[in-house]
Amino acid sequence: MSLRFYDTGTRSVRTFEPLEEGRVGMYVCGATPQAAPHIGHLRSGVIYDVLLRWLRASGYEVTFARNVTDIDDKIIAVAADRGVPWFAVAEGNQRVFGKGYDLLGCLPPTIEPRATGHVPEMIVMMRRLIEAGHAYASGGDVYFDVGSWADRYGALSNQKLENMRDPKDTPNADCKRDPRDFALWKGAKPGEPTWETPWGEGRPGWHLECSAMASKYLGPAFDIHGGGVDLIFPHHENEIAQSQAAGDGFARYWLHNGLLTVDGEKMSKSVGNVVLLTDLLGRARPVEVRYYLASAHYRSLMDYTDAALAEAVSAYQRIEGFVVRAAEVVGEGKPAPDLPEAFTAALDDDLGVPQALAVVHETVRDGNSALAAGDDDAAGRLLASVRAMTGVLGLDPLSEQWGHGGDDELRPVVDALVKVALEQRQAARARKDYAAADAIRDGLADAGVLVEDTPHGARWELKHG
């Protein structure tokens, strides 16, 4: 099966055919960092990280751009409320976003452009639109004339222009030719940051930023544009309009991930149900949070509950348990060079991660059976397969990101101490002093060390969570 995606633009599943053979240009709308990221933001980060990994595993060289909207009405409002500079709000929260992505094992984008660094490109695009008759300057603002694009405007979101209303994106609505026109540039206001343009000082409109940055780094036409379903309208609709009206082909495939609710409700500060990554780390390790956020299909609405997270933790630990046990018996080895056909077919079919994880768990069950039967050869092959699949998903328990022990300088000390305790336990069992052996095991358990007796001898691991 060839790689296929559900394209919002055509509302159909399409075979993926990149503009240039072997290369992919991908743009994903990133953070507007007016606050720290909640798990909905991080779900998006994990989803597009899995897509990036699968494109690369499929043999593509990917240029991945994920922007930062570091100037915005909300950022300005937060800064004013706190009495701090707008850039301090944006930069501080963006660092938290970056740490969150890193903690969940998201690979860095090829480029992470910031809106404030691309005003010259925005000026060029506005000039092109004005000269083509698709934009106009008025009252210090610059607006896109949706009427000049009426036959195409609304195609992505499947809406008709006559049913649309004023986007309320500027207090200067009386400067618009049509209430539905949207702001490309907002004229200077007291206390706000400004940049100089031929039409006066001001700051960028939200939609213009992405069009300018995408075309700069990926060219006038590129392969994939991603983001949340909440961005389809007006943000992505306006990106298409202004980019194509300026003469660019823009994105060829539109992928949109579903949102994340909490106990059936939309996350909201007013409701008090915003869940941050820090809220989860007391209940799950970062790799388990990643598993949870990746486990549902990317287009589905995902509802967070404590029970759902706990179920994901248990599921990941079943994978991890097999990988660690098998590695102790047959050695870590290397991931298999070839992925199971069913796993590949699942990811090729619109990034079907749930179906791909089902293949992983089936292989884990087979691997556990091989270990129980003492079939080390089969266990080794199945270990290599599981590591290959979880590696593609960014979940390999033995990877540098998640590996047991990692760079922890205390691990050798723990190894040595536990080894002594297990030797004492084995000696107690040899002399049939089972009470002493049990006491050693229970003492280790109290210290967070779980001991399991296997046909190959006692093995141990640190208790998770």
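No value in this document is a laboratory result; all are computed from the given coordinates. Here the structure is a predicted model, which means the values were calculated and not measured. Positions of Cβ are backbone-derived with ideal geometry, glycine not excepted, and every protein chain shown enters the neighbour counts.
Here are a few things to note about the model shown:
- When only the Cβ of Lys, Arg, Asp and Glu is charged (+1, +1, -1, -1), the dipole of the stretch 46-122 relative to its Cα centre reaches about 220 debye.
- For the residue pairs 176/266; 74/266; 74/99, the C-alpha atoms sit more than 25 angstrom apart in 176/266.
- Computed on the chain, with alpha-carbon pairs under 8 angstrom and 6+ residues apart, the relative contact order is 15 percent.
- Derived scalar couplings ³J(HN,Hα) [the stretch 155-164; Karplus, 6.51 cos²θ - 1.76 cosθ + 1.60; whole Hz; x for Gly, Pro]: 5, 5, 8, 6, 10, 9, 4, 5, 9, 8
- Nitroxide proxy distance, nm - points 7 Å out along Cα→Cβ at residue 95 and residue 263: 3.4 nm
- Taking Cα centre as origin and charging only the Cβ of basic (Lys, Arg, +1) and acidic (Asp, Glu, -1) residues, the dipole magnitude of the chain rounds to 340 debye.
- Cβ-Cβ distance of residue 447 and residue 423, R₀ of 22 Å, FRET efficiency by 1/(1 + (r/R0)^6): the value works out to about 0.85.
- Taking chymotrypsin sites (Phe, Trp or Tyr not before Pro) across the stretch 221-274, none is in a DSSP loop with at most 12 further Cβ atoms lying within 10 angstrom of its Cβ.
- Distance between the pseudo-spin-label points of residue 58 and residue 430 (7 Å out from Cα toward the beta carbon): 5.7 nm.
- Reachable aspartates and glutamates, given that their alpha-carbon falls under 15 Å from the alpha-carbon of residue 189 and they are not under 8 places away in the same chain: 72, 73, 141, 169, 201
- Amide proton proximity set for residue 449, modelled H, under 5 Å, gap of 5+: 463
- Taking 0.36 nm per residue of separation and subtracting the Cα-Cα distance, full extension of the segment from residue 376 to residue 102 would add 95.1 nm.
- Sequence-distant aspartates and glutamates (8 or more away, or on other chains) whose Cα lies within less than 13 Å of residue 160: 151, 237
- Model label points for residue 74 and residue 399, set 7 angstrom from Cα along the Cα-to-Cβ axis, are 2.8 nm apart.
- Cα lying deepest toward the dipole's positive end in the stretch 4-257, options 136, 30, 45, charges on Cβ: 45
- Values of log10 I(q)/I(0) for the stretch 4-257 across q = 0.08, 0.09, 0.13 Å⁻¹ run -0.31, -0.39, -0.83, by the Debye formula with one identical scatterer at each alpha carbon and no solvent.
- As a rough guide to protection, the peptides 94-102, 206-214 ranked by mean Cβ packing within 10 Å, highest first, stand as 206-214, 94-102.
- Dipole-positive endmost among 305, 292, 374 within the stretch 265-392 (Cβ charges, Cα centre): 305
- GluC sites (Glu not before Pro) lying in DSSP loop within the stretch 5-61, provided at most 10 other Cβ fall within 10 Å: 21
- Backbone phi angles across the stretch 183-189, fed through the Karplus curve with coefficients 6.51, -1.76 and 1.60 (θ = phi - 60°), yield HN-Hα couplings of 7, 8, 9, 10, x, 4, 10 Hz in residue order; Gly and Pro are listed as x.
- Our summary gives the stretch 4-257 a relative contact order of 24 percent, counting only alpha carbon pairs under 8 angstrom and 6 or more residues apart.
- Cα gyration tensor shape for the stretch 5-155, rounded if a/c is under 1.5, else prolate or oblate: oblate
- Expressed to the nearest 5 percent, the antiparallel share of DSSP beta bridges inside the chain is 55 percent.
- Among complete DSSP H helices in the chain, those whose alpha-carbon atoms stretch at least 15 Å along the helix's long axis and whose mean Kyte-Doolittle hydropathy reaches 0.0 are 39-57, 119-131, 206-218, 306-330, 353-372, 376-392, 411-430, 434-446.
- With the highest mean first, a sort of the peptides 119-131, 187-199 on other beta-carbon atoms found within 10 angstrom per residue produces 119-131, 187-199.
- Relative to the Cα centre, the charge distribution of the stretch 265-392, modelled as +1 at Lys and Arg Cβ and -1 at Asp and Glu Cβ, gives a dipole magnitude of about 460 debye.
- Based on the Kirkwood approach, the hydrodynamic radius assigned to the chain is 24.9 Å, with every pair of different Cα atoms included.
- FRET efficiency, 1/(1 + (r/R0)^6) with R0 30 Å, evaluated for residue 160 and residue 87 via beta carbons: 0.15
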